[in-house]
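Structure record follows, encoded as C-alpha cells.
The values are calculated or read from the model by the stated rules, or taken from the named source; none is laboratory data. This structure is a prediction, so every number in the text was calculated from the model and none was measured. Note that we place each Cβ from the backbone using ideal geometry, even for glycine, and neighbour counts take in every protein chain shown.
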Amino acid sequence: ATTNWTWMKGTNIISQNGTYGTQGVPATANTPGARYCAVSWTDGSGALWLFGGWGYPASGSWGYLNDLWKYDVGGGISLDTHALVFSATCQGVNPAAQMIGITNVGWSGFTYTNVITYSAGASGWLTVLPADGAVALNGATTLTNHVNISGLGAGTYYATNQVVADATNSPQTVVVTLKVTGPLITANGLAGDVYLDSGDPVTIAVQMMNMEPYLGVEVDWWVIAFAHSGAWYYLNSALQWTPTLFSGDLAAFHPAYQGPLFNLSSTPVLNGFQLLQGTYDFWFAVDYPMDGILNLNGPILYDNVTVIVQ
C-alpha cells in the first residue's frame, strides 16, 4: 500500500552467505550474500546491477568479493481486453479487423510473439499482426486481429492467442470467438467435398446456426440436390425428396419450409442412403421474403456439400 514498506525478498538474518545458482541463468532462489562497500547502478532498461564489495560468498567466512549480479524486474504486459468476438455471414465478406492495445507497465522493455491455437472445427482463420515485436519501457503498441471466413461453414469457432514475452506476467491470453451465421449442410458430418467408396451409406444433414439477429423473420427454406447424371431433386414440405425437371426456371423447385426463421440443430434430410457411383451436389438455402420463389438475386444465405462416390 502507499506510504507502507513491503519486504520483497531476502533474509532477515545477518551475515548470510549467498546463493549463486548457475552463472548467467536467472532463478528466484539466487541471492547475493551479505556485503558492504559494493558498487551498484541502474542501467537504461531499469535493471539493477551489483558488483563486489566485502561480504559473504556462497560458503565460508567473509572476504573481498568479485561477483557481478543483475536484478531485472522485467516488463509487464497490459492488454486492453482478453476477449474478442467476430460475427460474419456464411459465404459473405470478412468482418472488420479488431485491435488490441499492449502497454508495458513493467520496469523494462520486452519482446513478444503471438502464439495462436485453435479449438476443433477449423484452423488458420485468425491472423494477428505484427506476429512479433518489442515494446519499450513505458511504451505501447497495437495488435491487429484479422479473420478470414473463406471455406468456413456456419458455426462458432474459437482460437486462443497467447502473447508470449520476456515479461514478468507472460503469457497473456486472448480468446477469439468467430460466429458465422447461416445454413450448414454436411455429408456424414463433413463439409465441402466428401469422398465415399461405392456402397458406403451417406447421411445428409442440415443445420441453421447463429441466426439470432434474424430470428422470427418470415422466410423460405430450400433443400436441393443435383446428380451429375442429370437428375434434379428438392425436399418438399412433407420432407420427401421429389424429382423435378429443371432447365433454368427456378419455379421447378418448392420450399421445404415456410415460416419464422429459427435455429435448427443438425437434422438428417437423407439418412444412410447408398448413392450410385458419381458426383452429387446438395444445397441448403434460406431466402427472404417468404413468397415460395427461389430468388438467387435477393437476400439469400446458402451452403453446399458435394459427395463423390468412387
Only listed residue being closer than 30 Å to residue 278 by Cβ, crowded, with 21+ Cβ neighbours inside 10 Å and at pLDDT 95 or above, chosen from 206, 163: 206
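Which one of 272, 298, 259 is closer than 19 Å to residue 181 by Cα, under 37 Å from the mean Cα position of the chain (by Cα) and not in a loop (DSSP other than H, G, I, E, B)?
Numbers: 272 fails: closer than 19 Å to residue 181 by Cα; 298 fails: not in a loop (DSSP other than H, G, I, E, B).
259 is the lone residue from the list that is closer than 19 Å to residue 181 by Cα, under 37 Å from the mean Cα position of the chain (by Cα) and not in a loop (DSSP other than H, G, I, E, B).
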Restricting attention to the range 61-85, the residues that are under 14 Å from residue 36 (Cβ atoms), surrounded by 14 or more Cβ atoms within 10 Å (Cβ to Cβ) and without any contact (Cβ under 8 Å) to a residue 40 or more places away in the chain number exactly 1
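Taking the condition in contact (Cβ under 8 Å) with a residue 40 or more places away in the chain, more than 20 Å from residue 128 (Cα to Cα) and among the hydroxyl-bearing types (Ser, Thr, Tyr), does residue 108 pass?
On the way: in contact (Cβ under 8 Å) with a residue 40 or more places away in the chain: yes; more than 20 Å from residue 128 (Cα to Cα): yes; among the hydroxyl-bearing types (Ser, Thr, Tyr): yes.
Answer is yes for this residue.
Going residue by residue through the range 143-151, is there one that turns out to be surrounded by fewer than 17 Cβ atoms within 10 Å (Cβ to Cβ), under 30 Å from residue 42 (Cα atoms) and not aliphatic (A, V, I, L, M)?
Of the range 143-151, the ones surrounded by fewer than 17 Cβ atoms within 10 Å (Cβ to Cβ) are 144, 146, 148, 150-151.
So of that shortlist, the ones also under 30 Å from residue 42 (Cα atoms) come out as none.
So far as the range 143-151 goes, no, none of its residues is surrounded by fewer than 17 Cβ atoms within 10 Å (Cβ to Cβ), under 30 Å from residue 42 (Cα atoms) and not aliphatic (A, V, I, L, M).
Can you spot a residue in the range 123-130 that is under 30 Å from residue 70 (Cβ atoms) and not in a strand (DSSP E or B)?
yes
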Residue ranges of strands (runs of 3 or more DSSP E) in the range 137-253 with at least 1 members among the aromatic types (Phe, Trp, Tyr) and within 25 Å of the chain's Cα centre (by Cα): 155-165
Could you give me the residue pairs with C-beta distances under 6 Å whose first residue belongs to the range 155-178 and is on the phi > 0 side of the Ramachandran plot, whose second residue is of a type outside the set (Lys, Arg) and assigned to a strand (DSSP E or B) wherever it lies, and which are 6+ apart or on separate chains? 155/180; 155/209
Among (1) among the aliphatic types (A, V, I, L, M); (2) without any contact (Cβ under 8 Å) to a residue 40 or more places away in the chain; (3) over 30 Å from residue 264 (Cα atoms); (4) surrounded by 14 or more Cβ atoms within 10 Å (Cβ to Cβ), the one test that residue 140 misses: (4)
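Specify which of the listed residues (27, 58, 88, 47) is surrounded by 12 or more Cβ atoms within 10 Å (Cβ to Cβ) and more than 33 Å from the chain's Cα centre (by Cα).
On the way: 27 fails: surrounded by 12 or more Cβ atoms within 10 Å (Cβ to Cβ); 58 fails: surrounded by 12 or more Cβ atoms within 10 Å (Cβ to Cβ); 88 fails: more than 33 Å from the chain's Cα centre (by Cα).
Within the list 27, 58, 88, 47, the selection yields 47.
If a residue counts only when it is of a type in the set (D, E, K, R), which strands (runs of 3 or more DSSP E) contained entirely in the range 1-99 have at least 1 such residues? Give the derivation first.
Details: elements: 39-42, 48-55, 63-71, 77-79, 83-89.
By residue number, 63-71.
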